[in-house]
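**Student:** Here it is, the structure, as structure tokens.
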Amino acid sequence: MLNLHKNNSLSCTVPNQSALVVGNGLTASMVVAAINSVGLDVTHARFGSNSSTLFHSCDNESFITFLDQLIEQLPTVEGPQGGPTEIVPCENGFLVTFDSGESHEFGSVFLAIEGTLKPAPKDLPAEVTTITPDRPTASVVSSVCFLLDYKEITNPSIGAHSIRVALENQIAGGHSFVLLRQTPVKGLLGETLYEAARLAGVRFLRYGTKLPKIERLSTPIESSARFKVSVADIIESGEEISFDCDCVFVGANPIIERLPDGFRNLLSEETDQQGFLIQDSVHCLTGKSFHKGVYCVGPSSGCVDLFETMMTAASAAVDAAAWLNFANAPQSEEKMSVTEQCIRCLTCIRLCPHSAITLNAEASRSNVKVSTVRCVECGICVAECPRTALDLNNFLEDSFSSLIDRLKTETSEDTIVVFGCYRSAGRAISEINLPGNVIFFPVSCAGRLSESILSATLATRVKGILILGCHHGNCRSNNGTDWARVRLANMSKRLGSLFGKVGVISYKTLAPNESARMLRLINNFSSSAFGISD
Amino acid sequence: MYDHNNGQVVIVGGGIAGLATAKLLSENNFHFAIVERSYKLGGHTKDWACMATDNCNRCHSCAVFDYEEFVASSPHGEIFLRHELFSVTRSTSGISSVGIRCIDSGAERELPVTALVLAVGFEPFDPIEKGFWGYGTFEGVMTLSDLNRLMRLDDLNTIRPGNGDPLNLAFFQCVGSRDKTIGADYCSQYCCAAAIRAALRTIHQYPDSKVTIFYIDLQIAGKTAQALMDKAQEKGVRFLQGVPGEIQPIQDGGLQVISEKDGQNVVERFDRIVLSIGQRPSSSAIAISGITEAPLNEFGFFQTRSQFDPVRSPLNGVYIAGSCSGPANIPDVAMNAGKVVSAIIKDIEQTI
């Protein structure tokens, strides 16, 4: 760390106020500038390609002005070369080990690498290349064909970029054709750009399920045309139209790039449906991971739009500043306690979605340390700890014991217990009146409900237990709600035929704005628990 | 790091844009004051339904609850419900204070300002403006917000046919968007994905439902786009290019439209037709532009400096958050709020 400080302007000595940016291109530059402008100390580790995969639809002059301004704003912040091989949460942030073997601590880490585009589909002639931010360039005056939505919908940013280049080529005296299924008009000025291109004479051809045919002309005679394009325009007659052109470019969507090992391992639980980093969860807006202090911006998260990446960079930087501000403030209370029952199995470290539990560097009986700032009190670790050595101080295990004691003595035989996640059911309940036989017990997260709590509750006189978690993919702790579902399935497997005789138990999911549905779920559950079918 | 006294930011509008901005400001040691005309925080988003089909479909409508809870309990802010902006006092670098007034009592007060954020949101397009869809006349024609309201109240069953037949539902896209005749020659950003989610949500609750989406161009960008389309196709949502121009009521209480198939006109019957209404500039945009002198653009949204500077008004000290600078969906608004706060921090640092 000291070496690093000598060579650049970093003055930060508290690792917790620092940010590491990993990447080598435009995305990384935008992130570095964004972090710098919110007043955090930034270190830039160069990793991966420096050729950008960010597309934009503004004119070149504005773009160049933007680049000039960006370069002006960039502080000199070179850090270690190469990608992090390991990112380990520690009390003050993350301990990051680089390719070179050196390790440094950072308060927050940003992944801002460039991306890759899929290769051109194999059934197209080999000379058809993919559209990239700098190919084709608008300055090439020729007849150019842009093939969009070929086999899958082209990313609208790539589509809008293509229309801009097509327009510029047309204005410069060339001929532009755009073949598509969906015109990309997203954005306030999308329609304006499309309109301008049409007026300038760019030919838009909309095809249906029948794909356009692109042939390489093997013997170009007098003209320089190299391709013959045939397409059935569904808006016009539907008849096939053919034309020759100099070059054909196809829209290819981004795919996931090789990730630095450190990020790949840290975020292995956090990929979206297509394998891009950071889910599109409501809790991960602005590029933040469930691991507090970790951010992904740009192509590694599936975004190849320049403006959107710029916005995410700014938002992530502001969020990081907020996070470090919070993390550095004195904390009054410990959120979790670890008892001597701990056998150092490290299950909790493995399971925590927020990197809140770290190894205790100082020798102690428990060996694990809970970060008060990172812990959001989901209690997944408490429920899964094999030695029941952990407890949440604000949501004590004892509170469940008291509930169970109460259920044993006070309840009638038609009592139904609803365990609801505070975030969803706990809010929805404020708008409804529960039936008299229902006891609602809010939990910090459905993931807190251990099998032992559920078994003990079932063993009382209650008629049934309904667990209301957040919808899959909507849990504030990533998979707390899924833990509840899995535990229920395990219980039913283990209890086998006994299950159902001791009581009825069910798991449903809910959102804070589903009060009316919550009441229906409870009523339906109530009916089924009493053997009334709905 | 910043000191706790970064100054006070006044935010006009307590919808999701205002709340998201307030949260980030508060977390970055600013004081904030939200000035909201209505009786509640949360704006349009607060009335929208969850679109989950057991799995979250990323409609993000629940985000507003998280923002609201944080903002309402923040020690760094004040919330003025039923208040509106009526004056601004300028300084050399921007705006030094604003006057706000209680709509009910008329009581006025002055708030010192370090930065002024306009987050007045949008106005949903009223389809009555274009009579021929029969909105307000034919019972079966509703808007996407009407459908959301039904879902929110868990009343989706009320639009199913009484005879037990499956619900046959259609969505008309681009209602009040991409329409030059009403000055809305732009895409409203949110509606394609919102309609697909609503279709999936309907089919999830009543799996026998048949859903058709009439569209011009499907605009679903972002990470979920392909997954959402795949899901819709898997669930049998029918996508038809071209939006029928007219809706006619028929005797059995249904609605009929003329659509096109293989170049031929075909008549189709639906139980209900949902108009995916676009976002128009806020009804208070003109008044607020008049008071603040923050200029509006050709569409009537608040103007920003450029595509690369999308949150600063050309007027110093004024920032534009959320959909009042152009149509946006919830994730866009959340991101935009970050950019607003980043610009404010940067500008303040430069003036110190």
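The values are calculated or read from the model by the stated rules, or taken from the named source; none is laboratory data. Because the structure is predicted, anything quoted here is derived from the model rather than measured. Cβ placement follows ideal geometry from the backbone for every residue including glycine, while neighbour counts extend to all protein chains displayed.
**Student:** Could you please find all residues in the range B:248-302 being part of a loop (DSSP other than H, G, I, E, B), over 30 Å from B:Glu84 (Cβ atoms) and not hydrophobic (A, V, I, L, M, F, W, C)?
**Tutor:** Hits for the range B:248-302 are B:Gln251, B:Asp252, B:Gly253, B:Gly254, B:Asp262, B:Gly263, B:Asp271.
**Student:** Look through B:Val237, B:Val175 and report the one residue that is touching a Gly at 6+ places or on another chain (Cβ under 7 Å) and assigned by TED's automatic domain parsing to the domain that holds B:Asn148.
**Tutor:** Within the list B:Val237, B:Val175, the selection yields B:Val175.
**Student:** Follow-up question, since we're still on this one. Please find, within the range A:272-295, the residue that is surrounded by the fewest Cβ atoms within 10 Å (Cβ to Cβ) out of those that are of a type in the set (A, V, I, L, M, F, W, C) and more than 7 Å from every other protein chain (Cβ to nearest Cβ).
**Tutor:** Looking at the filtered set, the residue picked out is A:Cys284.
**Student:** A follow-up question, please. Quick one: which residue in A:Gly426, A:Gly436, A:Gly420 is outside any strand (DSSP E or B), touching a Pro at 6+ places or on another chain (Cβ under 8 Å), closer than 27 Å to A:Arg517 by Cβ and not charged (D, E, K, R)?
**Tutor:** Unique residue meeting the criteria: A:Gly426.
**Student:** Among the residues of the range A:175-193, write down those that are more than 7 Å from chain B (Cβ to nearest Cβ) and among the aliphatic types (A, V, I, L, M).
**Tutor:** A:Val178, A:Leu179, A:Leu180, A:Leu189, A:Leu193
**Student:** Only residues that are in contact (Cβ under 8 Å) with a residue 40 or more places away in the chain and either among the β-branched types (Val, Ile, Thr) or surrounded by fewer than 20 Cβ atoms within 10 Å (Cβ to Cβ) (or both): list them for the range A:43-62, please.
**Tutor:** Residues satisfying the conditions are A:Thr43, A:Ser49, A:Asn50, A:Ser51, A:Thr53, A:Cys58, A:Asp59, A:Asn60.
**Student:** Next up: Testing B:Ala227 on (1) more than 12 Å from every other protein chain (Cβ to nearest Cβ); (2) assigned to a helix (DSSP H, G or I); (3) among the hydrophobic types (A, V, I, L, M, F, W, C); (4) more than 17 Å from A:Arg181 (Cβ to Cβ), one condition comes back false. Which one is that?
**Tutor:** Among (1) more than 12 Å from every other protein chain (Cβ to nearest Cβ); (2) assigned to a helix (DSSP H, G or I); (3) among the hydrophobic types (A, V, I, L, M, F, W, C); (4) more than 17 Å from A:Arg181 (Cβ to Cβ), the lone unmet condition for B:Ala227 is (1).
**Student:** Which is free of Cβ contacts under 8 Å to residues at least 60 places away in the same chain, within 26 Å of B:Ser26 (Cβ to Cβ) and either under 22 Å from the mean Cα position of the chain (by Cα) or in the same structural domain as A:Ser37 (by TED's automatic domain parsing) (or both), of A:Ala322, A:Ala314?
**Tutor:** The unique qualifying residue is A:Ala322.
**Student:** Is there a residue in the range A:392-401 that is touching a residue at least 60 places away in the same chain (Cβ under 8 Å) and either under 17 Å from A:Trp483 (Cα atoms) or crowded, with 21+ Cβ neighbours inside 10 Å (or both)?
**Tutor:** no
**Student:** Among all residue pairs at least 6 apart or on different chains, which show Cβ distances below 9 Å where the first residue, located in the range A:154-178, is among the basic types (Lys, Arg) and the second is outside any helix (DSSP H, G or I)?
**Tutor:** A:Arg164/A:His56; A:Arg164/A:Ser57; A:Arg164/A:Cys58; A:Arg164/A:Asp59; A:Arg164/A:Ala138
**Student:** Can B:Val64 be described as among the hydrophobic types (A, V, I, L, M, F, W, C) and part of a helix (DSSP H, G or I)?
**Tutor:** When the stated conditions are applied, B:Val64 passes them.
**Student:** For A:His161, which of the numbered conditions (1) surrounded by 24 or more Cβ atoms within 10 Å (Cβ to Cβ); (2) within 11 Å of chain B (Cβ to nearest Cβ); (3) more than 19 Å from A:Val229 (Cβ to Cβ) fails to hold?
**Tutor:** Exception for A:His161: condition (2).
**Student:** Which one of these is more than 14 Å from every other protein chain (Cβ to nearest Cβ), within 18 Å of B:Cys191 (Cβ to Cβ) and of a type in the set (Gly, Ala, Ser): B:Ser282, B:Ser289?
**Tutor:** B:Ser282
**Student:** So which residues in the range B:294-328 are more than 9 Å from chain A (Cβ to nearest Cβ), closer than 19 Å to B:Gln189 by Cβ and among the polar types (S, T, N, Q)?
**Tutor:** Hits for the range B:294-328 are B:Gln303, B:Thr304, B:Ser323.
**Student:** Any residue in the range B:24-38 that is over 15 Å from B:Val98 (Cα atoms) and at pLDDT below 95 sitting within a Cβ distance under 9 Å of a residue that is of a type in the set (Asp, Glu) and part of a loop (DSSP other than H, G, I, E, B)? List the pairs, counting only those 6 or more apart or interchain.
**Tutor:** Sorted first by the residue in the range B:24-38, then by its partner, the pairs are B:Asn29/B:Asp3.
Conditions tested, residue by residue: (1) away from chain B (no Cβ under 12 Å); (2) modelled with pLDDT of 90 or more; (3) at negative phi.
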position	(1), (2), (3)
A:Gly480	yes, yes, yes
A:Arg487	yes, yes, yes
A:Leu495	yes, no, yes
A:Leu498	yes, no, yes
A:Leu510	no, yes, yes
A:Ala516	no, yes, yes
A:Phe530	yes, no, yes
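**Student:** Does B:Ala52 meet the test of being touching a His at 6+ places or on another chain (Cβ under 8 Å) and outside the structural domain of B:Ala225 (by TED's automatic domain parsing)?
**Tutor:** It is true that B:Ala52 is touching a His at 6+ places or on another chain (Cβ under 8 Å) and outside the structural domain of B:Ala225 (by TED's automatic domain parsing).
**Student:** Taking interchain pairs and intrachain pairs at least six residues apart, which have beta carbon atoms under 6 angstrom, with the first residue in the range A:83-103 and over 15 Å from A:Asp261 (Cα atoms) and the second among the hydrophobic types (A, V, I, L, M, F, W, C) and crowded, with 18+ Cβ neighbours inside 10 Å?
**Tutor:** Note: pairs meeting the criteria are A:Gly93/A:Phe106.
**Student:** Can you find a residue that is among the hydroxyl-bearing types (Ser, Thr, Tyr), in the same structural domain as A:Gly275 (by TED's automatic domain parsing), surrounded by 21 or more Cβ atoms within 10 Å (Cβ to Cβ) and touching a helix residue (DSSP H, G or I) at 6+ places or on another chain (Cβ under 9 Å) anywhere in the range A:83-100?
**Tutor:** No.
Let's see how each residue does on (1) within 26 Å of A:Ala425 (Cα to Cα); (2) touching a Pro at 6+ places or on another chain (Cβ under 7 Å); (3) buried (at least 21 other Cβ atoms within 10 Å of the Cβ); (4) not acidic (Asp, Glu):
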residue: B:Arg37; (1), (2), (3), (4): no, no, no, yes
residue: B:Asn55; (1), (2), (3), (4): yes, no, no, yes
residue: B:Arg58; (1), (2), (3), (4): yes, no, yes, yes
residue: B:Ala63; (1), (2), (3), (4): yes, no, yes, yes
residue: B:Glu69; (1), (2), (3), (4): yes, no, no, no
residue: B:Glu78; (1), (2), (3), (4): no, no, no, no
residue: B:Leu81; (1), (2), (3), (4): no, no, no, yes
residue: B:Leu85; (1), (2), (3), (4): no, no, yes, yes
residue: B:Cys102; (1), (2), (3), (4): no, no, no, yes
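**Student:** Tell me, which residue of the range B:205-224 that is modelled with pLDDT of 90 or more and of a type in the set (A, V, I, L, M, F, W, C) is nearest to A:Thr183 (Cα to Cα)?
**Tutor:** That would be B:Ile216.
**Student:** Does any residue of the range B:120-140 turn out to be out of contact with any Phe, Trp or Tyr (no Cβ under 8 Å at 6 or more places or on another chain), surrounded by fewer than 17 Cβ atoms within 10 Å (Cβ to Cβ), at pLDDT 95 or above and within 30 Å of B:Gln251 (Cα to Cα)?
**Tutor:** Scanning the range B:120-140 turns up no residue that is out of contact with any Phe, Trp or Tyr (no Cβ under 8 Å at 6 or more places or on another chain), surrounded by fewer than 17 Cβ atoms within 10 Å (Cβ to Cβ), at pLDDT 95 or above and within 30 Å of B:Gln251 (Cα to Cα).
**Student:** Which residues, taken from the range A:369-387, are closer than 19 Å to A:Ala446 by Cα and in a loop (DSSP other than H, G, I, E, B)?
**Tutor:** A:Arg374, A:Cys375, A:Val376, A:Glu377, A:Cys378, A:Gly379, A:Cys385, A:Pro386 - these are the residues of the range A:369-387 that are closer than 19 Å to A:Ala446 by Cα and in a loop (DSSP other than H, G, I, E, B).
**Student:** Hey, another quick one. Identify the single condition in (1) in a strand (DSSP E or B); (2) within 20 Å of the chain's Cα centre (by Cα) that B:Arg201 does not satisfy, given that it satisfies every other one.
**Tutor:** Every listed condition holds for B:Arg201 apart from (1).
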